[in-house]
Amino acid sequence: MSGSKYSPEFKNQVVLEVVDKHRTIKAVAESYNLVDQTVGVWVKEYRKKNPDPETENLTSAESAELERLRKDLREARMENEFLKKRQPSSRRNRSSCPLHVHLLARRQLPRSAHVPMPHRVSLGIL
């Protein structure tokens, strides 16, 4: 098999979008029409060759905490983007199918307070 299909400059550009701009691997891969795993391998290789100077002197516990926080941030950003997308099923006009409540009998409230109830009540749902 021949060498790499992508130039080193292209790989570097893709990796820097993940590393410097803090975009998810999936988002960057989609924007360049690449497979997520390919971009992930490139990022992993880059991080091995270029360790982050801010995290070089951290203890293993601090590194683990930093990685956990970064993961939480990535997940929160993905959830936020998902929630920004319009959900067509939740925006449906509910007035087209009104809800009708049928009461079988009139009932009396405690302490003899009598409230007449209509036979058919139409309710709207928010």
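Among what's in region 29-87 and is more than 30 Å from residue 8 (Cα to Cα) and of a type in the set (S, T, N, Q), pick the residue that is modelled with the highest pLDDT.
If we take residues in region 29-87 being more than 30 Å from residue 8 (Cα to Cα) and of a type in the set (S, T, N, Q), then 80 is modelled with the highest pLDDT.
Filter region 1-55 for residues that are aliphatic (A, V, I, L, M) and not in a helix (DSSP H, G or I); which is surrounded by the fewest Cβ atoms within 10 Å (Cβ to Cβ)?
1
Just the residues that are touching a residue at least 24 places away in the same chain (Cβ under 8 Å) and open to solvent by 100 Å² or more (accessible area, probe 1.4 Å), please, taken from region 56-77.
77
Taking region 1-28, which residues are at pLDDT 90 or above and acidic (Asp, Glu)?
Selection gives 9, 17.
The values are calculated or read from the model by the stated rules, or taken from the named source; none is laboratory data. Since we're looking at a predicted model, the values are computed, not measured. No Cβ is skipped: glycine too gets one built from the backbone with ideal geometry, and neighbour counts run over all protein chains shown. Heads up: the accessible areas ignore ligands, DNA and RNA and are worked out on the full protein's heavy atoms, side chains in. Shrake-Rupley method; radii C 1.70, N 1.55, O 1.52, S 1.80 Å.
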